[in-house]
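So the structure is just underneath, and the comments pick up after that.
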Amino acid sequence: MLGQFIKKFEPVTLAPNNRITLFEALVKSVIGQQLSGKAAHSILSKLKVQVGGKKPISPEKILSTPYGKIRSAGVSDSKARTIITLAEMVKTGAIPSSRKMRSMSDEEIVQALTAVKGIGQWTAEMILMFKLGRQDVMPATDLGVRKGYSIIFKSKELAAPKTILEHSQKWSPYRSFAAKYFWAVVDGKL
């Protein structure tokens, strides 16, 4: 059924995003947890202003910015603490660099990132897909993925993550593309 759907629409693409640093991608993903894209973008823009302008958000900038300024950008307490912890861990090398991640498996990257309090499976999957361009990621807990899957497969109820993960095995090693189609159908782009 997915194949028939894909044939009707423009192909989706996926590539590593070298326009953004790993740290800024992590900050963006943390801010985006359980928020609409529009709200997350607004908060990220305000945070950039608070930490010194339009240049990429760096660990050094975060660590030299008073906690209250980070919070005043609209960043929740728990997300602010996660971002500060990430900055510390990137500075000490506890979070692997983008270059190091190129030689790591998806599972190793997820394990390294989820060791940080406030970084869960979803956030790690967003880094795998949208920063690193990994092609075989299925963020089955994502609400948009669940909705898109349900629309494409004509399910009256919202698909369970377990169902999506099991069904997605047959699309491996290209599950990220299926996820992008699920999001696109929900966003009305297809």
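Tell me which helices (runs of 4 or more DSSP H) are completely within the stretch 103-190 and hold 2 or more residues being among the acidic types (Asp, Glu), or say none if there are none.
Filter on the stretch 103-190 gives 106-114.
Each row is one residue, and each column tells you yes or no for (1) among the β-branched types (Val, Ile, Thr); (2) farther than 26 Å from VAL185 by Cα.
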position	(1), (2)
LEU86	no, yes
ILE95	yes, yes
ARG99	no, yes
SER103	no, yes
PHE130	no, no
GLN135	no, no
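Just checking, how many residues over the stretch 86-97 are surrounded by fewer than 17 Cβ atoms within 10 Å (Cβ to Cβ) and either within 19 Å of PRO139 (Cβ to Cβ) or touching a residue at least 24 places away in the same chain (Cβ under 8 Å) (or both)?
Total satisfying the criteria: 3.
Among the candidates LYS170, LYS100, LYS61, which residue alone is without any contact (Cβ under 8 Å) to a residue 24 or more places away in the chain and either touching a Gly at 6+ places or on another chain (Cβ under 7 Å) or aliphatic (A, V, I, L, M) (or both)?
Selected residue: LYS61, the only one of LYS170, LYS100, LYS61 that is without any contact (Cβ under 8 Å) to a residue 24 or more places away in the chain and either touching a Gly at 6+ places or on another chain (Cβ under 7 Å) or aliphatic (A, V, I, L, M) (or both).
Do you know which residues across the stretch 109-142 are closer than 13 Å to LEU26 by Cβ, at pLDDT 95 or above and among the polar types (S, T, N, Q)?
Scanning the stretch 109-142 gives a single hit, THR114.
Among LEU63, LEU26, which is the only one that is of a type in the set (A, V, I, L, M, F, W, C), surrounded by 13 or more Cβ atoms within 10 Å (Cβ to Cβ), over 28 Å from PRO139 (Cα atoms) and not assigned by TED's automatic domain parsing to the domain that holds LEU143?
Result: LEU63 is the single residue among LEU63, LEU26 that is of a type in the set (A, V, I, L, M, F, W, C), surrounded by 13 or more Cβ atoms within 10 Å (Cβ to Cβ), over 28 Å from PRO139 (Cα atoms) and not assigned by TED's automatic domain parsing to the domain that holds LEU143.
Between ILE20, ILE70, ILE57, ILE6, which is over 20 Å from GLY120 (Cα atoms), modelled with pLDDT of 95 or more and surrounded by 14 or more Cβ atoms within 10 Å (Cβ to Cβ)?
None of the others qualify; the one that does is ILE70.
The values are calculated or read from the model by the stated rules, or taken from the named source; none is laboratory data. Bear in mind that the values here come from a model prediction, so they are computed numbers and not experimental data. We place every Cβ from the backbone using ideal geometry, glycine too, and count neighbours over all the protein chains shown.
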